Structures are given as C-alpha cells and as structure tokens.
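*Asks:* One structure coming up, written as structure tokens, with questions to follow.
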Amino acid sequence: MDFNIKTMAEYAAEGKSPEVLFWVGCAGSFDDRAKKITKAFCKILNKIGVEFAVLGQEESCTGDPAKRAGNEFVFQMMALTNIEVLNAYEVKKIVTACPHCFNTLKNEYPSLGGNYDVVHHTQFLKTLMEEGRLKIEGGAFKGKKITFHDPCYLGRANDEYEAPRILLEKLDAELVEMKRCRTNGLCCGAGGAQMFKEPEKGNKDINIERTEEALSFEPKVIATGCPFCNTMMTDGVKHFNKNTEVAVKDIVELLAEAEDL
C-alpha cells in the first residue's frame with residue numbers, strides 16, 4: 001500500500017495513542033483472500049483520516065478456535081497474553097473485521113481482565129458515516145443485485161443486523177434478502193472451529209446449502225462481513241461454477257471499490 005500503518009509501539013514511543021486499535025486477526029493477517037479485506041479497510045480509514053494502529057508482531061490469535069474446539073486452557077493462555085499487551089498500551093477501543101475476534105474480545109475477555117470498547121468494522125464505518133466523516137457514493141454498484149449473508153457471531157450472537165445493511169443501502173444497489181436471514185440466518189459452516197476440520201458425513205455440506213440459497217436470487221454480489229464466511233461462500237460459488245458471474249466480497253471491499261481506492 002502507498003501509506004504507512006503505524007503500530008501501537010510506534011505510537012507509544014511518540015507518547016501518543018490512536019483513535020482506535022485495528023485488530024487484524026489471523027485470517028486478515030495470513031489468508032491471502034482475507035488480506036484484501038484488511039487492505040480495503042485500511043485504505044478507507046487512511047482516506048478519511050482516522051488515526052488507527054495495529055499491534056503488528058505483538059498480536060496473537062484471540063483464542064476463539066481453541067475455545068470453540070473445547071480447549072479452555074489454551075484459550076485462557078492466549079487471551080491472557082493478549083490482554084497483558086492491550087492493557088500495557090492502555091487500549092480503549094478496538095475495531096476488527098472478524099466477527100469471531102469481535103465476539104471473543106467483546107464478550108469473553110472482560111472476565112479475564114480485558115475490558116475494551118469492541119466494535120465490528122461495519123459498526124465502526126456506520127458511526128463514521130453518521131458523524132459525516134465517511135461519505136459513500138455507490139455509483140459503481142447502482143442497480144446491481146446484492147444479497148448479504150449474516151455472520152453468526154455478528155448477528156445471532158451479538159444482535160447486529162442493521163449496520164451492514166445500512167452501508168450496503170448507501171451503495172445504491174438492489175439489496176435482496178435471503179429467506180433465512182437476520183435472526184433466522186443460516187450458518188456458512190465455518191463457526192465453532194469447524195473451519196479447521198473436514199465436514200462430517202451427510203447429504204450436503206452446509207456452505208453448499210447456503211450458497212444455493214444465495215444464488216437462487218441471481219445476485220451479482222454475495223456480500224459478507226466475515227473472512228470465514230467469505231471463504232465458505234466463495235467455495236460454494238466455485239462448486240456451482242458461478243465464480244465468473246457472482247463475486248463474494250466483504251462490505252469494506254465494496255465500499256473501497258465504490259470510492260475507487
């Protein structure tokens with residue numbers, strides 16, 4: 001990217017603190033597809049002048065997959081290490097593009113001594129838009145049919161359904177809702193550490209079922225707000241050989257494209 005992203009250590013060395021810490025997460029750091037989501041989000045924040053920092057080498061996994069897989073000891077070990085780092089920097093506000101990180105940092109770190117204002121990237125961008133700092137013009141997507149897949153850890157686990165949809169509506173696109181959406185949404189199949197294991201025997205993989213539902217509306221874009229969901233829905237679209245016709249993109253990627261970033 002053509003701009004520098006500062007770390008919390010660099011801010012601390014200057015005796016300053018950023019407006020927000022961007023928790024990148026494992027997917028956003030290491031998965032080639034999810035890196036594009038990370039870059040799109042950083043480009044938007046940089047363009048509108050939000051002072052943000054990352055932990056860089058000091059960031060570790062939140063421990064979500066370990067906890068979901070049943071290893072509470074490993075989860076607490078990872079969480080306490082992160083909390084020690086975050087508290088040393090006196091972090092107040094955290095934004096993340098991963099609902100799994102969001103849910104863990106927001107709901108499971110407080111009992112271990114990690115108390116922060118944690119927001120999902122769609123919530124953060126919605127707030128910036130309401131404050132007049134972020135202006136969205138969606139000419140590139142005007143009239144295009146977009147359907148949104150609700151991430152479980154954003155929707156049903158944390159009751160956030162509006163922020164992603166408010167941002168999508170600003171793109172002037174035609175937002176079509178799947179039958180199973182919002183509180184009745186269907187999981188993509190990656191939650192609960194299922195992302196990291198082979199599916200169990202059955203009649204149909206859950207991501208194929210979900211993608212089939214999305215494709216029935218003939219959208220141009222399946223929008224997601226989670227790197228895990230993005231992977232599962234992308235695999236589903238490839239399964240139906242629709243990857244040249246239907247794009248699977250995170251909301252921030254759509255906003256960055258609309259702004260030609």
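*Asks:* Is it the case that the stretch 178-199 has a residue that's among the β-branched types (V, I, T) and either surrounded by 15 or more Cβ atoms within 10 Å (Cβ to Cβ) or touching a residue at least 40 places away in the same chain (Cβ under 8 Å) (or both)?
*Replies:* No, the conditions are met nowhere in the stretch 178-199.
*Asks:* Oh, and also: For I146, only one of the following conditions fails: (1) within 17 Å of the chain's Cα centre (by Cα); (2) within 17 Å of I37 (Cβ to Cβ); (3) of a type outside the set (S, T, N, Q). What is its number?
*Replies:* Every condition holds for I146 apart from (1).
*Asks:* Can you pull out the residues in the stretch 32-74 that are in a loop (DSSP other than H, G, I, E, B) and either open to solvent by 20 Å² or more (accessible area, probe 1.4 Å) or at pLDDT below 95 (or both)?
*Replies:* The answer is I48, G49, E51, E59, S60, C61, A69, G70, N71.
*Asks:* Let me ask something additional. Hey, among the residues in the stretch 142-157 that are surrounded by 21 or more Cβ atoms within 10 Å (Cβ to Cβ) and in contact with a strand residue (DSSP E or B) (Cβ under 8 Å, 6 or more places away or on another chain), which one's farthest from S216 (Cα to Cα)?
*Replies:* L154
Residue-by-condition table, conditions (1) touching a His at 6+ places or on another chain (Cβ under 8 Å); (2) in a loop (DSSP other than H, G, I, E, B); (3) touching a residue at least 24 places away in the same chain (Cβ under 8 Å):
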{"site": "G143", "(1), (2), (3)": "no, yes, yes"}
{"site": "L154", "(1), (2), (3)": "yes, yes, yes"}
{"site": "R210", "(1), (2), (3)": "yes, no, yes"}
{"site": "V237", "(1), (2), (3)": "no, no, yes"}
{"site": "A256", "(1), (2), (3)": "no, no, yes"}
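*Asks:* Given the residues T38, T96, which is the only one that is among the hydroxyl-bearing types (S, T, Y) and either more than 26 Å from D150 (Cβ to Cβ) or out of contact with any strand residue (DSSP E or B) (no Cβ under 7 Å at 6 or more places or on another chain) (or both)?
*Replies:* Going through T38, T96 in turn, just one is among the hydroxyl-bearing types (S, T, Y) and either more than 26 Å from D150 (Cβ to Cβ) or out of contact with any strand residue (DSSP E or B) (no Cβ under 7 Å at 6 or more places or on another chain) (or both): T38.
Residue by residue, here is whether (1) in contact with an Asp or Glu (Cβ under 9 Å, 6 or more places away or on another chain); (2) under 30 Å from A247 (Cα atoms); (3) buried (at least 16 other Cβ atoms within 10 Å of the Cβ) holds:
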| site | (1), (2), (3) |
| --- | --- |
| E84 | no, no, no |
| C101 | yes, yes, yes |
| Y109 | no, no, yes |
| G114 | yes, no, yes |
| V118 | no, yes, yes |
| M129 | no, yes, yes |
| A163 | no, yes, yes |
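*Asks:* OK, next. So which residues in the stretch 67-102 are small (G, A, S) and touching a residue at least 60 places away in the same chain (Cβ under 8 Å), if there are any at all?
*Replies:* Answer for the stretch 67-102, where residues must be small (G, A, S) and touching a residue at least 60 places away in the same chain (Cβ under 8 Å): A69, A97.
*Asks:* Given the conditions (1) open to solvent by 10 Å² or more (accessible area, probe 1.4 Å); (2) touching a residue at least 60 places away in the same chain (Cβ under 8 Å), and given that L105 satisfies all but one, which numbered condition is not satisfied?
*Replies:* In the conditions (1) open to solvent by 10 Å² or more (accessible area, probe 1.4 Å); (2) touching a residue at least 60 places away in the same chain (Cβ under 8 Å), L105 misses (1) alone.
*Asks:* Taking the stretch 212-229, which residues are open to solvent by 70 Å² or more (accessible area, probe 1.4 Å) and touching a residue at least 60 places away in the same chain (Cβ under 8 Å)?
*Replies:* Within the stretch 212-229, E218, K220 meet the criteria.
*Asks:* Within the stretch 10-20, does at least one residue satisfy the condition of being within 30 Å of G192 (Cα to Cα), touching a residue at least 60 places away in the same chain (Cβ under 8 Å) and either within 19 Å of the chain's Cα centre (by Cα) or surrounded by 17 or more Cβ atoms within 10 Å (Cβ to Cβ) (or both)?
*Replies:* Looking for residues that are within 30 Å of G192 (Cα to Cα), touching a residue at least 60 places away in the same chain (Cβ under 8 Å) and either within 19 Å of the chain's Cα centre (by Cα) or surrounded by 17 or more Cβ atoms within 10 Å (Cβ to Cβ) (or both), one finds at least one in the stretch 10-20, hence yes.
The values are calculated or read from the model by the stated rules, or taken from the named source; none is laboratory data. Remember, it's a predicted structure, so these values are computed and weren't measured experimentally. Note that each Cβ is placed from the backbone with ideal geometry, even for glycine, and that neighbours are counted across all protein chains shown. All accessible areas refer to the heavy atoms of the entire protein, side chains included, with ligands and DNA or RNA removed. Shrake-Rupley method; radii C 1.70, N 1.55, O 1.52, S 1.80 Å.
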